[in-house]
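**Student:** Below is one structure. I have some questions about it.
The values are calculated or read from the model by the stated rules, or taken from the named source; none is laboratory data. No experiment lies behind these values; they were computed from the predicted model shown. Counting neighbours? That spans all protein chains shown, and the Cβs are built from the backbone with ideal geometry, glycine included. Accessible surface areas use protein heavy atoms only, side chains included; no ligands, DNA or RNA. Shrake-Rupley method; radii C 1.70, N 1.55, O 1.52, S 1.80 Å.
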Amino acid sequence: MIFAKELGDTLRGALTDDPRVVLLGEDIADPYGGAFKVTRGLSTAFPQRVRTTPISEGAIAGVSAGLALAGYRPIAEVMFGDFLTLMFDQVVNHIAKYQAMYAGQATCPVVVRAATGGHRGYGPTHSQSLEKHFLGVPHLRVVAASLYHDPREVFSDFLGRDEPVLYVEHKLLYPQHLTLPVNGRIGDLLATSEGGPLPTVRLSAVPVEDCTVSVLAYGYQAMLAAKVIERLAMEEEIFAELLVPAQIAPMDWAPVERSVAVTGRLVTVEEGADGWSWGAEAASVISRRLFGRLRRPVDVVASEATVIPSSKTKEASVLVGSAQIEAAIRAAAR
C-alpha cells in the first residue's frame, strides 16, 4: 500500500461518494496529475469536479472558501507547503473564522492539502515545514499524514465535520508503504491506538512500563523515529515508546501525559525550524502537568533556525534526521 496511491484512492472514493466534494489545485488535472501524482486519473473520471487552477494560492483559498460557504466540500492542494504563506490571510482571517463569527449559521469546511518538508534538495523555498505558523489558530485543525494512519479514515473524519483543516503531507511519505497496526503490532513493534476518530498511535518494542523515554513525533519524522527506537531496542536494549498523533493542533495531550508519567522523560521531534514550535508547546504542557515527576527537562529536537540549503549534503546538516533523533533518545535514557 503505497501512501501516494492510497491517498489518491481516498480522494477518488470521496468524489464518488459525495457530489459536494471538489478538488482544486495547480496542475492537478491529467495528464500531469499533480506534482506528486496523487490526483492522477481523477480529472478524467470527474472532469467537472477536479479542476486545475491558475498559479495563485490566494485565489485557490478564496475560491475554496466561497465553495464551502455555498455548501460544497472543497479539497485544495498546495503544490509545495512553502506556498501556504500566500493563503495565510484567507485561512486565518476568513476560513477559520466564519463558523464562530456567524454562530454556526455558516460553515466553511475547507480541507487544504500541502506537500511539506525537505531532504530532497529542493532548496530554500520548496523544502520547508511551516505548519507551526498555523498551530493555535482558533477553529483550525492541523493534521499530519503518517504511515500509521489510514487516509480513508482521516478524510472520512474531515468530510464528516464542518471545521476547516490543514493536512500536511511530508513529501518523503508519498513513496512509502502504509504500515497500519495489525493485531496490536507494526512489524516487530507493539502498537496501540488511543483516542478517536484521529487516534494517537503508540509504538514500542516492550510495554511502556519497561521504557525509559517517551518520544513524540509526527509525519515523516515519526517514521524515522520508529526505525531508531526499533534499532536501539534490538541492538542495545534502550527502550522508548513513540507516540504519533494524527491531529497536532488542537492536541490531545492525554496519551502523551500517560506515557511520560511512566517514563519520566520526553523527547519531541519535528522537522520545522527550532523556536516557538510544536515541540516547545509540548514541553510547556507536559512540564506543567507533570511538574516534579519529570526526571529531566523535555528535549525539543527540531531543524536549525536558518535557510534550508539546496546542497543535499548541507541540507542534511540543517534538517532533523535519524542521527539527531538517536542522539536525543540516548541522552534522555542516561
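**Student:** Exactly one of (1) touching a Pro at 6+ places or on another chain (Cβ under 6 Å); (2) modelled with pLDDT of 95 or more is unmet by GLU194. Its number?
**Tutor:** That leaves (2) as the condition not met.
**Student:** Answer with yes or no whether HIS94 is in contact with a Gly (Cβ under 9 Å, 6 or more places away or on another chain), in contact (Cβ under 8 Å) with a residue 40 or more places away in the chain and open to solvent by 30 Å² or more (accessible area, probe 1.4 Å).
**Tutor:** Values: in contact with a Gly (Cβ under 9 Å, 6 or more places away or on another chain): yes; in contact (Cβ under 8 Å) with a residue 40 or more places away in the chain: no; open to solvent by 30 Å² or more (accessible area, probe 1.4 Å): yes.
No: the conditions fail for HIS94.
**Student:** In segment 67-78, which residues are buried (at least 20 other Cβ atoms within 10 Å of the Cβ) and of a type in the set (Gly, Ala, Ser)?
**Tutor:** ALA68, ALA76
**Student:** Condition test on ARG265, is it in contact with a strand residue (DSSP E or B) (Cβ under 7 Å, 6 or more places away or on another chain), farther than 23 Å from GLY196 by Cα and basic (Lys, Arg)?
**Tutor:** On the way: in contact with a strand residue (DSSP E or B) (Cβ under 7 Å, 6 or more places away or on another chain): yes; farther than 23 Å from GLY196 by Cα: yes; basic (Lys, Arg): yes.
When the stated conditions are applied, ARG265 passes them.
**Student:** Please specify each residue of segment 101-119 satisfying the condition of being touching a residue at least 12 places away in the same chain (Cβ under 8 Å) and aromatic (Phe, Trp, Tyr).
**Tutor:** From segment 101-119, those touching a residue at least 12 places away in the same chain (Cβ under 8 Å) are 106-119; that's our starting set.
Of everything in segment 101-119, nothing turns out to be touching a residue at least 12 places away in the same chain (Cβ under 8 Å) and aromatic (Phe, Trp, Tyr).
**Student:** Of all residues in segment 7-63 being polar (S, T, N, Q) and out of contact with any helix residue (DSSP H, G or I) (no Cβ under 6 Å at 6 or more places or on another chain), which is most open to solvent (accessible area, probe 1.4 Å)?
**Tutor:** Of segment 7-63, the ones polar (S, T, N, Q) are 10, 16, 39, 43-44, 48, 52-53, 56.
Pick out the ones that are also out of contact with any helix residue (DSSP H, G or I) (no Cβ under 6 Å at 6 or more places or on another chain) and you get 16, 39, 43-44, 48, 52, 56.
On the way: THR16: 90, THR39: 2, SER43: 17, THR44: 102, GLN48: 140, THR52: 70, SER56: 44 Å².
Restricting to residues being polar (S, T, N, Q) and out of contact with any helix residue (DSSP H, G or I) (no Cβ under 6 Å at 6 or more places or on another chain), the top hit is GLN48.
**Student:** Ok, one more. Please work out which residue is surrounded by the fewest Cβ atoms within 10 Å (Cβ to Cβ), limiting yourself to segment 97-129 and to residues that are more than 21 Å from LEU24 (Cα to Cα) and of a type in the set (A, V, I, L, M). Reasoning before the result, please.
**Tutor:** So in segment 97-129, the residues more than 21 Å from LEU24 (Cα to Cα) come out as 97, 99-106, 117-125, 127-129.
Add one more test, that the residue is of a type in the set (A, V, I, L, M), and what stays is 100-101, 103, 106.
Numbers: ALA100: 11, MET101: 13, ALA103: 7, ALA106: 13.
Looking at residues that are more than 21 Å from LEU24 (Cα to Cα) and of a type in the set (A, V, I, L, M), I get ALA103.
**Student:** Oh, and also: Could you check, for segment 152-160, whether at least one of its residues is touching a residue at least 40 places away in the same chain (Cβ under 8 Å), closer than 20 Å to GLU271 by Cβ and open to solvent by 40 Å² or more (accessible area, probe 1.4 Å)?
**Tutor:** No, because not a single residue in segment 152-160 is touching a residue at least 40 places away in the same chain (Cβ under 8 Å), closer than 20 Å to GLU271 by Cβ and open to solvent by 40 Å² or more (accessible area, probe 1.4 Å).
**Student:** Which residues, taken from segment 291-334, are touching a strand residue (DSSP E or B) at 6+ places or on another chain (Cβ under 7 Å) and among the basic types (Lys, Arg)?
**Tutor:** Listed by number, the list is empty, since nothing qualifies.
**Student:** Just to be sure I understand, how many residues within segment 182-211 are part of a loop (DSSP other than H, G, I, E, B) and open to solvent by less than 50 Å² (accessible area, probe 1.4 Å)? Even if it seems obvious, please write down each step before you answer.
**Tutor:** Step one: filter segment 182-211 for residues part of a loop (DSSP other than H, G, I, E, B), giving 183-184, 187-188, 195-199, 205-207, 211.
Now drop any that are not open to solvent by less than 50 Å² (accessible area, probe 1.4 Å), which leaves 184, 198-199, 205-206, 211.
Count: 6.
**Student:** Same structure, new question: Regarding segment 79-88, can at least one residue be identified that is open to solvent by 30 Å² or more (accessible area, probe 1.4 Å) and touching a Ser or Thr at 6+ places or on another chain (Cβ under 9 Å)? Break it down stepwise before answering.
**Tutor:** Looking only at segment 79-88, we keep the residues that are open to solvent by 30 Å² or more (accessible area, probe 1.4 Å), and these are 79, 83, 85-86, 88.
Keeping just the survivors that are touching a Ser or Thr at 6+ places or on another chain (Cβ under 9 Å) gives 83, 86.
Checked segment 79-88: at least one residue is open to solvent by 30 Å² or more (accessible area, probe 1.4 Å) and touching a Ser or Thr at 6+ places or on another chain (Cβ under 9 Å).
**Student:** So, in segment 95-127, how many residues would count as being in contact with a strand residue (DSSP E or B) (Cβ under 7 Å, 6 or more places away or on another chain) and of a type in the set (S, T, N, Q)?
**Tutor:** Adding up the residues that qualify gives 1.
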